[in-house]
């Protein structure tokens, strides 16, 4: 499935990785899909919400939940 179609049909709240173009090359956003419109998607990463124009998306897929955090010994 093409990445744009995946993002337009994906349910908000799933964990995704989205690879997209930036000025100097490519970068990834890993986090939870917040919303998708006809022109962009928003991914909630560990540090902030990232709005990504769909025209810049190269790849996108669902990823499994993060591993559990390790506690102190």
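Could you work out the helix-only [θ] at 222 nm for the chain, with each DSSP H run of four or more residues adding -39,500 (n - 2.57) and the total divided by the number of residues, to the nearest 500 deg cm²/dmol? Kindly include the intermediate steps, with their values, before the conclusion.
Values: 1 runs with 7 residues, N = 73.
The helix contribution divided over the chain gives -2500 deg cm²/dmol.
Here the spin labels are modelled as points 7 Å beyond Cα on the Cα-Cβ line, and at residue 62 and residue 24 they lie 3.5 nm apart.
None of the figures in this text is laboratory data; all of them are computed from the coordinates on show. Because the structure is a prediction, the values reported are computed rather than measured. Every residue, glycine among them, receives a Cβ derived from its backbone with ideal geometry; neighbour counts consider all protein chains shown.
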